[in-house]
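Student: Before we start, here is the structure in question, set down as structure tokens.
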Amino acid sequence: MNGDPRYSIGELARRTGLTVKTIRFYSDRGIVPPTDRGPTGHRRYGLDAVARLDLVRTLRDLGLDLATIRRIVDREVSLPEVAAAHADALAAQIRVLRLRRAVLTAVARRGSTPEEMALMHKLARLSADERQRLIEEFLDAAFAGQAGNPAYAGIRRSLTPDLPDNPDADQVEAWVELAEMSQDPGFRASLRHLAEQHAADQADAPGVRRDAVALARAEVEEALAAGVDPASPRADRVVAALTSRYAHLCGRPDDVDLRRRLLDRLDAANDPRRERYLHLLSVVNGWPATESLAPVLDWSIRALRARTSA
């Protein structure tokens, strides 16, 4: 050991690229202690000081505090343990920064007032558990009375947003609007009405899964694409197929009352808020964009009204 080279603080500074002042600072705090002192009393450092200073500089660049760095170089705590803890902390900070950026971007897009920005920030900062409770309360209200119906478990899942840990600005903005919609009593009542109608159709024919909207889409899309006027005779065959399938679904005769019933279902489903919710849901969950059903519903409603007496 006595033959190992010794460096003055100036020589150590030249070898490491650090300033004398910085090395003295680390030395005074016991992070890089001198090996001994020369005849004149000046500090001298061994080869291990070079390695220590390289490690200290790296750890400082990574944002570690001096107390933690000293524990690492003194081997009181392992570097992997500290690295894991700081990686987790940085990941949390990154999530917060991304969320703040997303909120600010959304505010800039929407031209929000200070009150709207405060609400947006509050909704965006909800924890995953808080977001889940908010949506579960909304769906409980929308599907009141259907809790015991197993057919609605899948429907609930398909209507549940799941904001990722690192959302982009579009997802944050969509989540905030969706959360606002979920608190709208009118929208809740509209969804509850749809659920009650679907439940009534299922009660007439147990085991049925498709609803009136799905039937309309299946029967009407081709005529819609072909430009068939819903009030024209060319639409008669399409309407007849639709009402026949709906009558089979409900276990009822295909008569005027059934057509009025179907018209009521499609009218209720043709709510722009419902379509908006589904669009926002796709954005939040990262799903493919939903196709608008408004053209199908509009065509079906016009066709049924033209063939249903007052």
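Student: Among the residues of segment 203-224, write down those that are open to solvent by 20 Å² or more (accessible area, probe 1.4 Å), modelled with pLDDT under 90 and on the phi < 0 side of the Ramachandran plot.
Tutor: A203, D204, P206, V208, R209, R210, D211
Student: For residues that are among the β-branched types (V, I, T) and either within 27 Å of A240 (Cα to Cα) or loosely packed, with under 14 Cβ neighbours inside 10 Å (or both), scanning just segment 252-301, find the one that is modelled with the lowest pLDDT.
Tutor: Looking at residues that are among the β-branched types (V, I, T) and either within 27 Å of A240 (Cα to Cα) or loosely packed, with under 14 Cβ neighbours inside 10 Å (or both), I get V256.
Student: Further question: Looking at L79, L90, L59, L139 in this structure, which one is more than 30 Å from S27 (Cα to Cα) and either of a type outside the set (G, A, S) or at pLDDT below 75 (or both)?
Tutor: L139
Student: Which one of the conditions (1) assigned to a loop (DSSP other than H, G, I, E, B); (2) touching a residue at least 12 places away in the same chain (Cβ under 8 Å); (3) open to solvent by 60 Å² or more (accessible area, probe 1.4 Å); (4) over 28 Å from D170 (Cα atoms) does D229 fail to meet, given that it meets all the rest?
Tutor: (2)
Student: Being of a type in the set (A, V, I, L, M, F, W, C), within 22 Å of T68 (Cβ to Cβ) and open to solvent by 40 Å² or more (accessible area, probe 1.4 Å) is the filter here, so list the residues in segment 2-46 that pass it.
Tutor: Of all residues in segment 2-46, those of a type in the set (A, V, I, L, M, F, W, C) come to 9, 12-13, 18, 20, 23, 25, 31-32.
Of the ones still in play, those that are also within 22 Å of T68 (Cβ to Cβ) are 18, 23, 25, 31-32.
F25, the sole residue that qualifies.
Student: Against the conditions (1) part of a loop (DSSP other than H, G, I, E, B); (2) over 30 Å from R125 (Cβ atoms); (3) open to solvent by 50 Å² or more (accessible area, probe 1.4 Å), where does L55 fall short? Just the number, please.
Tutor: The number of the failed condition is (1).
Student: Consider segment 151-198. How many of its residues are in contact with a Phe, Trp or Tyr (Cβ under 9 Å, 6 or more places away or on another chain) and open to solvent by 60 Å² or more (accessible area, probe 1.4 Å)?
Tutor: Total meeting the criteria: 3.
Student: Tally time: how many residues in segment 69-85 are assigned to a helix (DSSP H, G or I) and either buried (at least 16 other Cβ atoms within 10 Å of the Cβ) or among the charged types (D, E, K, R) (or both)?
Tutor: Result for segment 69-85: 7.
Student: Those residues that are open to solvent by less than 60 Å² (accessible area, probe 1.4 Å) and over 18 Å from the mean Cα position of the chain (by Cα), I need them from segment 119-150; list them, please.
Tutor: A141, A142, F143, A144, Q146, N149
Student: Still on this structure, I have one more. With respect to the numbered conditions (1) open to solvent by 90 Å² or more (accessible area, probe 1.4 Å); (2) farther than 23 Å from P164 by Cβ; (3) in a helix (DSSP H, G or I), which one is the sole condition not fulfilled by L104?
Tutor: (2)
Student: Is there any pair with a first residue in segment 120-145 that is part of a loop (DSSP other than H, G, I, E, B) and a second that is among the aromatic types (F, W, Y) and open to solvent by less than 20 Å² (accessible area, probe 1.4 Å) whose Cβ atoms are under 8 Å apart and which are 6 or more apart or on different chains, and what are they?
Tutor: F143/Y152
The values are calculated or read from the model by the stated rules, or taken from the named source; none is laboratory data. Every value quoted in this text rests on a predicted model; they were computed, and no experiment measured them. When we count neighbours, we look across all protein chains shown, and the Cβ atoms used for this are built from the backbone with ideal geometry, even at glycine. All accessible areas refer to the heavy atoms of the entire protein, side chains included, with ligands and DNA or RNA removed. Shrake-Rupley method; radii C 1.70, N 1.55, O 1.52, S 1.80 Å.
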